[in-house]
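Data first, discussion second: the structure below is written as C-alpha cells.
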Amino acid sequence: MKKIAVFCGASIGFNPIYKDEAQRVGAFFGKNNIGLVYGGGKIGMMGALADELLKHKGEVIGIIPHLLKNEEVVHSELSQLIETKTMSTRKVKISKLVDGYIALAGGFGTLDEIFEALTLGQLGIESKPIGLLNTQGFFSPMLAQLDLMVEEGFLKKANRDMVLVSDNIEELIELMYLYKAPKMTKIVNTVVKK
C-alpha cells in the first residue's frame, strides 16, 4: 500500500494515549514509506499524526473542503494541500488517491468517513481494506453494535468481516495487506407473509 487515508479527531481527546498512538502511526508510515492522505489539519489527532510523519520525511497530502479552510486549522507544511468545494467531493478525491483506510479515535467526522468507506465496500464500489486502530478499546462499543446488527439481520457477516481491527498499527497494516474483499451477492428483498 502506497497511500492510506487516515480519519481521526480534530481534537486530541482527554487521554494522552490517543495522541501517542497517532504519533506511532505517523512514525510507522514514515519508516515503511506509506503516504498519508487526511483532512489537512494541524490540530488534534490529525496534527499529531501529520507532524510525526513529516518529521520522518514522509508524504502527507491534506484534502480539505473550502468551508473548513482557515489559518487556525490548515497544516502549513504538507507535501500537498488539495482544496475541494464540498465534503462530498473531498471524499471522492480521497478515494481516488488511496489504497486503504484507517480510523483512529475521533468523533462524528471520523465515523462518517469510515462508514462511507465501509458502505462503498459493501456495495462493491471499492474493494480496499478498512481498518480500525482500536486504541484502549475505543471502537469496542461500536464493534458490539455491528455484531448486534448481524445478529438482528441488518448486516451480513461477510460485510461485518470487512472491518479489520487491531490495537497496534503493525498488526493492522498486516491485516490490510492480507485483506480479500467479500464477493458480492445479489440483494433480494424478502416479504414475510402472515
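Regarding the stretch 166-173, can at least one residue be identified that is modelled with pLDDT of 95 or more, under 24 Å from K3 (Cβ atoms), touching a helix residue (DSSP H, G or I) at 6+ places or on another chain (Cβ under 6 Å) and among the aliphatic types (A, V, I, L, M)? Within the stretch 166-173, one or more residues are modelled with pLDDT of 95 or more, under 24 Å from K3 (Cβ atoms), touching a helix residue (DSSP H, G or I) at 6+ places or on another chain (Cβ under 6 Å) and among the aliphatic types (A, V, I, L, M). Going residue by residue through the stretch 48-64, is there one that turns out to be on the phi > 0 side of the Ramachandran plot, within 15 Å of the chain's Cα centre (by Cα) and crowded, with 19+ Cβ neighbours inside 10 Å? Looking for residues that are on the phi > 0 side of the Ramachandran plot, within 15 Å of the chain's Cα centre (by Cα) and crowded, with 19+ Cβ neighbours inside 10 Å, one finds none in the stretch 48-64, hence no. When L123 is tested against (1) closer than 20 Å to A158 by Cα; (2) aliphatic (A, V, I, L, M); (3) at pLDDT 95 or above, just one condition goes unmet, and that condition is (3). A search for C-beta distances below 7 Å between a residue of the stretch 135-156 that is on the phi < 0 side of the Ramachandran plot and any residue that is open to solvent by less than 30 Å² (accessible area, probe 1.4 Å) and part of a helix (DSSP H, G or I), counting only pairs 6+ apart in sequence or on different chains, returns T135/E21; L155/L146. Among residues of the stretch 22-36 being of a type in the set (A, V, I, L, M) and surrounded by fewer than 24 Cβ atoms within 10 Å (Cβ to Cβ), the one that is farthest from Y177 (Cα to Cα) is A27. Taken together, G39, G13 contain a single residue that is buried (at least 17 other Cβ atoms within 10 Å of the Cβ), of a type in the set (G, A, S) and either in contact with a Pro (Cβ under 6 Å, 6 or more places away or on another chain) or closer than 25 Å to S127 by Cα (or both), which is G39.
Selection of first residues in the stretch 1-21 that are within 18 Å of I173 (Cα to Cα) and of second residues that are in a helix (DSSP H, G or I) and open to solvent by 50 Å² or more (accessible area, probe 1.4 Å), restricted to Cβ pairs under 6 Å at least 6 apart or on distinct chains, gives the following pairs, ordered by first then second residue: K3/L97. I'd like to verify a number: residues in the stretch 129-149 that are closer than 9 Å to L104 by Cα and aliphatic (A, V, I, L, M), how many? Looking only at that region, the number is 2. Only one of the numbered conditions (1) among the hydrophobic types (A, V, I, L, M, F, W, C); (2) within 16 Å of L133 (Cα to Cα); (3) open to solvent by 70 Å² or more (accessible area, probe 1.4 Å) is violated by L68, and that is (2). Checking R90, R160 one by one, the residue that is under 18 Å from C8 (Cα atoms) and under 19 Å from the mean Cα position of the chain (by Cα) is R90 and no other.
The values are calculated or read from the model by the stated rules, or taken from the named source; none is laboratory data. Note that the structure is a prediction, hence the values are computed from the model and not measured. So basically every Cβ, Gly included, is an ideal-geometry build from the backbone, and we count neighbours across all protein chains shown. In case anyone asks, the SASA skips ligands and DNA or RNA and just uses the protein heavy atoms, side chains included. Shrake-Rupley method; radii C 1.70, N 1.55, O 1.52, S 1.80 Å.
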